[in-house]
Amino acid sequence: MRKKKFLVIPIICFILVGICVVGFSVSKNNQESIDTLSKMGSTGAEVRKIQTLLQGYGVYTGRIDGIYGTKTREAVKIFQRYNGLTVDGIAGPQTLKKMGISSQTTSSSSNVNLLARLVYGEARGEPYTGQVAVAAVVLNRVKSPNFPNSIAGVIYQAGAFDAVSDGQINMTPNQTAINAATDAINGWDPSYGAIYYFNPNTATNKWIWSRPHTVTIGEHRFCK
């Protein structure tokens, strides 16, 4: 009987250690997922992709509505169980990778939308080339060491754009603005590397006039 008692104690310790290790792993995995990707309450294009894929696998029977509800979560759990993943119902990095969905897809979509809103707020009355040029200025600033290194950082830099200051950034962009943002992201730069632009008919800042001129499109003068 004593030998059995001595055997039980190490086994219990081993189980407790195992639980702690697994618990830490699950907690870490959950944190990565919650911090970055789709979960209960999420909406949007990524969720629709998840639902479409899970429907194709035969584990999701709900609507492809882009809403991460109970049915989507349960389908994700089934997918995770089948693929040896942590079963938490959260479409985190590992789950999306297994599905073949890049986490950069959502980021890219968000960048296009934000850039399109800036273009629409700043240049919706301009020629199409001029709208692409405005988007290109934002991207040129991202590349410059003198500005923030992200699209959101550049756009929301204090005092950088009137559309942000007066709230027009919150307007819904039309398809033309979306196309202009997409063309700029894909590499078209009709501004010829400009990092500034202004309307020469209304500009009162003498410094901006001193900047090297690259091109004038519509009502905007672009410069470096």
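The numbers here are math on the coordinates, done by the rules we state, and not lab data. Since this is a predicted model, take the numbers as computed values, not measurements. We place every Cβ from the backbone using ideal geometry, glycine too, and count neighbours over all the protein chains shown.
Brief remarks on what is shown
- You can think of it this way: the chain between Gln55 and Ser210 has 49.9 nm of extra reach, that is 0.36 nm per residue less the Cα-Cα gap.
- Assuming charge only on the beta carbon of Lys and Arg (+1) and of Asp and Glu (-1), the dipole of segment 38-102 about its Cα centre is about 60 debye to the nearest 20.
- Each principal axis of the Cα cloud of segment 64-220 was taken in turn, and the coordinate range along them, longest first, works out to 64, 30, 26 Å.
- With 10 Å bins from 0: P(r) over segment 139-224, alpha-carbon pairs, percent: 15, 45, 37, 2
- Loop sites in segment 58-99: trypsin sites (Lys or Arg not before Pro), DSSP, at most 15 other Cβ within 10 Å: Arg63
- Using the average count of surrounding beta-carbon atoms within 10 Å as a protection proxy, the listed peptides 52-60, 110-118 rank, highest first, as 110-118, 52-60.
- Segment Phe147..Asn201, full-extension length gain: 16.8 nm, with 0.36 nm per residue of separation and the alpha-carbon distance subtracted.
- Cα extents of segment 38-102 along the three principal axes, largest first (Å): 27, 21, 18
- Thr172/Asp65 FRET efficiency (R0 22 Å; Cβ-Cβ; nearest 0.05): 0.65
- Spacing of the two label points (7 Å from each Cα toward its C-beta) at Gln157 and Tyr82, in nm: 4.8 nm
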